[in-house]
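All remarks here apply to the structure that follows.
The values are calculated or read from the model by the stated rules, or taken from the named source; none is laboratory data. This is a predicted model, so every value here is computed, not measured. No Cβ is skipped: glycine too gets one built from the backbone with ideal geometry, and neighbour counts run over all protein chains shown. With ligands, DNA and RNA removed, areas are computed over all heavy atoms of the protein, side chains included. Shrake-Rupley method; radii C 1.70, N 1.55, O 1.52, S 1.80 Å.
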Amino acid sequence: MTPRAWAAGTLVVLLVLLAVVAAVTIPWHRPPAPRADQLAALGQLPRDQVARAREFHSALRPGSYGAMAIGLLVTLALGLTPLGAWLVTQGGRPFGGNWIAQALLGGLLVTLAGEVVTLPFAAWRHTVVVRYGISIQSWGGWTVDLLKSWAVGAVIGAVALLGFYAVTHFAPRWWWAFGAAGAAVLVVLLSFILPVLVEPVFNKFTPMADGPLRSSLIELADRDGVPVRDVLIADASRRTRAVNAYVSGIGPTRRIVVYDTMITEATPGEVVSVVAHELGHAKDNDVLTGTILGALGTAVAVIALYLLGSWAGLLRLAGVDTIGEPRAIGLLLAVVSLVGVVAAPAQAFVSRRIEARADEHALVLTGDPATFESMQRRLGTVNLSDPDPPTWEYLYSASHPSTVERMAAARAYGRGER
Ligand SMILES: [Zn+2]
């Protein structure tokens, strides 16, 4: 059998595996959240607040979708014309066209092009979130955050590109196998190591002071069978008014993180309710599920790219000889971006189902749908979420059920509907 036949066979096996894992781990059943309850909840929200939230999201849209459109356009221009290959060649030129220099500097140039053209849109979005009082960051702080996230992205990108092109360089016929395995391992490593390494780059964490809230959070986690090592406060208030909490780490490193904004904006009962939701993610191993699906999906993508690499017309468009050379970075990114745009609704759907399950977990664990509902109202108000967003946007990109959906789910749960 040829390497190509092996690749095609492996692809089929991985796709079946992916489908089986998805079928078993994704919570397909959605706890009831009747539309009648959603509309009732919507009607009970202050009218001016709903109007303001909708105004805020309308103001954000041109920046968000503009960045998406221009970013995609530039990525396609770099990938489906010889422009990207030319950029990578320039990156490697000072080093005599060495493949390592091409992979690192060429990769940097191609990704930077995409970042730079979307920068004005990001700045525009920043002016909107500042105008609506969600962000309190100065341009200085905003720039520092941007540079930090570029630096984190550059390090991860460098590791990925170097690893990938080392494999295509040293195993030109079988790179898809090593590449798929390596990419899957990288996804697993990033998923578990990244939060630990990256969180402190952006925020400072301090243990929550002893007191009734800390005790009740630790007691809640113990009662749930998801013991945590610590409860930490993140200094989110230096950049945002938005509130949030999450559980990170696994096993002995697991900790609850609460934004300091949450402590000042929400009641202790509401904080407990949010943390109960986060414990649901930990208990159902949602991070692990996401990681396994992500690792399988990435392995599938690498093999699919290898097979796509025999499409001569595509290679001719990009002005490259093979898809495994660093000069094809632009083509690679173009394909990945296109798949990302197409796959977004499916990802959002899965995410919403997982979030709805965590909501249900919070309702069961606290047995307090009223506080859960007031917490949702508070979160929506402080974060200026559109309580009932347009259907197209919800289906395309909403990672969480809408505020009115979550309030309706609490009402249905309170009536004993499951
Ligand atoms: Zn969640």
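Applying the condition of being over 20 Å from Q137 (Cβ atoms), in contact (Cβ under 8 Å) with a residue 24 or more places away in the chain and surrounded by fewer than 22 Cβ atoms within 10 Å (Cβ to Cβ) to the range 248-262 and asking which residue is nearest to the ligand (Cβ to nearest atom) yields S248. Looking across the range 315-328, the residues that are in contact (Cβ under 8 Å) with a residue 40 or more places away in the chain and part of a helix (DSSP H, G or I) come down to L317, A318, P326, R327, A328. Filtering the range 154-175 to residues that are without any contact (Cβ under 8 Å) to a residue 12 or more places away in the chain and within 23 Å of the chain's Cα centre (by Cα) leaves only V155. For D359, the conditions (1) touching a helix residue (DSSP H, G or I) at 6+ places or on another chain (Cβ under 7 Å); (2) within 16 Å of the ligand (Cβ to nearest atom); (3) without any contact (Cβ under 8 Å) to a residue 60 or more places away in the chain are fulfilled apart from (3). Considering the conditions (1) touching a residue at least 40 places away in the same chain (Cβ under 8 Å); (2) in a helix (DSSP H, G or I), V116 is excluded by exactly one of them, (1). In the range 221-233 there is at least one residue that is within 16 Å of the ligand (Cβ to nearest atom), within 25 Å of A370 (Cβ to Cβ) and either of a type in the set (A, V, I, L, M) or open to solvent by 20 Å² or more (accessible area, probe 1.4 Å) (or both).
Put simply, of T366, T403, T391, T381 the only residue that is more than 26 Å from V188 (Cα to Cα), away from the ligand (no atom under 16 Å from the Cβ) and at pLDDT 95 or above is T391. Filtering the range 278-311 to residues that are of a type outside the set (V, I, T), open to solvent by less than 30 Å² (accessible area, probe 1.4 Å), within 16 Å of the ligand (Cβ to nearest atom) and out of contact with any strand residue (DSSP E or B) (no Cβ under 7 Å at 6 or more places or on another chain) leaves G280, D286. Of V275, V271, which residue is farther than 12 Å from I354 by Cβ, within 12 Å of the ligand (Cβ to nearest atom) and open to solvent by less than 20 Å² (accessible area, probe 1.4 Å)? V275 is the lone residue from the list that is farther than 12 Å from I354 by Cβ, within 12 Å of the ligand (Cβ to nearest atom) and open to solvent by less than 20 Å² (accessible area, probe 1.4 Å). Check off (1) surrounded by fewer than 19 Cβ atoms within 10 Å (Cβ to Cβ); (2) over 30 Å from R131 (Cβ atoms); (3) within 13 Å of the ligand (Cβ to nearest atom) for N244 and give me the number that stays unchecked. Status for N244: all satisfied but (2).
Beta carbons closer than 8 Å, at least 6 apart along the sequence or on distinct chains, pair a first residue in the range 128-153 that is within 22 Å of V198 (Cα to Cα) with a second that is acidic (D, E) and open to solvent by 50 Å² or more (accessible area, probe 1.4 Å) for W150/E115.
Conditions tested, residue by residue: (1) of a type in the set (F, W, Y); (2) open to solvent by 30 Å² or more (accessible area, probe 1.4 Å); (3) farther than 30 Å from L161 by Cβ.
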position: T25; (1), (2), (3): no, yes, yes
position: R30; (1), (2), (3): no, yes, yes
position: G43; (1), (2), (3): no, yes, yes
position: P46; (1), (2), (3): no, yes, yes
position: L76; (1), (2), (3): no, yes, no
position: V88; (1), (2), (3): no, no, no
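What do you reckon, is G340 more than 16 Å from the ligand (Cβ to nearest atom), open to solvent by less than 50 Å² (accessible area, probe 1.4 Å) and touching a Ser or Thr at 6+ places or on another chain (Cβ under 9 Å)? Here the answer is no, as G340 does not meet what is asked. Would you mind stating whether A334 is within 13 Å of the ligand (Cβ to nearest atom) and in a helix (DSSP H, G or I)? Judged against the criteria, A334 is not a match. If you check V198 against the conditions, is it assigned to a helix (DSSP H, G or I) and either open to solvent by 60 Å² or more (accessible area, probe 1.4 Å) or touching a Lys or Arg at 6+ places or on another chain (Cβ under 7 Å) (or both)? So V198 fails the test.
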